[in-house]
């Protein structure tokens, strides 16, 4: 779980994850990567003792970098990652694990049949999200309905192949992850999930503007590497 300045929200999610882990063998380990937080995120995580593992970045490196660190440290056959705000509830974990029985990469989706939105995004943020998904599908040909949903899972074998190669440290790492998995012929499944909007996003409008140019640069890099055809 990547976390940056999540002191106010992370305890609720970790409590749910710990309870789930105690009752369900599907969850083997809980890893939090504190991505250079300046609040009490690390302290809030340490309160759970050995029930969670905490890795800290000395400085903020971006969500993609935090996920990369966490996945590298995980030991389980299936590796899941989710946002620290708890927008996707713990109850959705079995859906991702089930999908990984027959796939290499499972992508949580809020936009396909079977998904359930308990609290929708503000209209402007929802419009931006839908445009961004359309934009990355046009640029990268991913063919997925919700590339930026923060709830995903992958088999350890695929993780070992593509995670070390990821160069995107910010939020566009999702795009690179899916593109590299697709280029390797990975079996990719989209999974309808329950999701509820939680305010306080770290992705500010000014970052969105620069991210579009970052996506173009990423596309050029993947073309040079023949990841994209």
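The values are calculated or read from the model by the stated rules, or taken from the named source; none is laboratory data. Bear in mind that the values here come from a model prediction, so they are computed numbers and not experimental data. Here the Cβ is made from the backbone with ideal geometry for all residues, glycine too, and neighbour counts use every protein chain on show.
What residue, of 172, 178, 162, 136, is buried (at least 16 other Cβ atoms within 10 Å of the Cβ) and free of Cβ contacts under 8 Å to residues at least 40 places away in the same chain?
On the way: 172 fails: free of Cβ contacts under 8 Å to residues at least 40 places away in the same chain; 178 fails: free of Cβ contacts under 8 Å to residues at least 40 places away in the same chain; 136 fails: free of Cβ contacts under 8 Å to residues at least 40 places away in the same chain.
When all the criteria are applied, what remains is 162.
Tell me, which helices (runs of 4 or more DSSP H) lie completely within region 31-139 with 1 or more residues that are under 23 Å from residue 11 (Cα atoms) and within 14 Å of the chain's Cα centre (by Cα)? Steps first, please.
Numbers: elements: 41-46, 63-73, 93-99.
Of the helices (runs of 4 or more DSSP H) lying wholly inside region 31-139, those with at least 1 residues that are under 23 Å from residue 11 (Cα atoms) and within 14 Å of the chain's Cα centre (by Cα) span 63-73, 93-99.
Those residues that are in a helix (DSSP H, G or I) and either crowded, with 24+ Cβ neighbours inside 10 Å or in contact with a strand residue (DSSP E or B) (Cβ under 7 Å, 6 or more places away or on another chain) (or both), I need them from region 143-159; list them, please. Write out each step before concluding.
So the first thing to find is which residues in region 143-159 are in a helix (DSSP H, G or I), and the list is 156-159.
156, 158, 159 - these are the residues of region 143-159 that are in a helix (DSSP H, G or I) and either crowded, with 24+ Cβ neighbours inside 10 Å or in contact with a strand residue (DSSP E or B) (Cβ under 7 Å, 6 or more places away or on another chain) (or both).
For residues that are surrounded by fewer than 12 Cβ atoms within 10 Å (Cβ to Cβ) and either modelled with pLDDT of 80 or more or not in a helix (DSSP H, G or I) (or both), tally how many sit in region 182-211. Full working, then the answer.
Looking only at region 182-211, we keep the residues that are surrounded by fewer than 12 Cβ atoms within 10 Å (Cβ to Cβ), and these are 185, 199-200, 204-206, 209-210.
When the remaining residues are screened for being either modelled with pLDDT of 80 or more or not in a helix (DSSP H, G or I) (or both), the result is 185, 199-200, 204, 210.
The total comes to 5.
Answer with yes or no whether residue 228 is in a helix (DSSP H, G or I) and either in contact with a helix residue (DSSP H, G or I) (Cβ under 8 Å, 6 or more places away or on another chain) or more than 20 Å from residue 87 (Cβ to Cβ) (or both).
Details: in a helix (DSSP H, G or I): no; either in contact with a helix residue (DSSP H, G or I) (Cβ under 8 Å, 6 or more places away or on another chain) or more than 20 Å from residue 87 (Cβ to Cβ) (or both): yes.
Criteria not met by residue 228.
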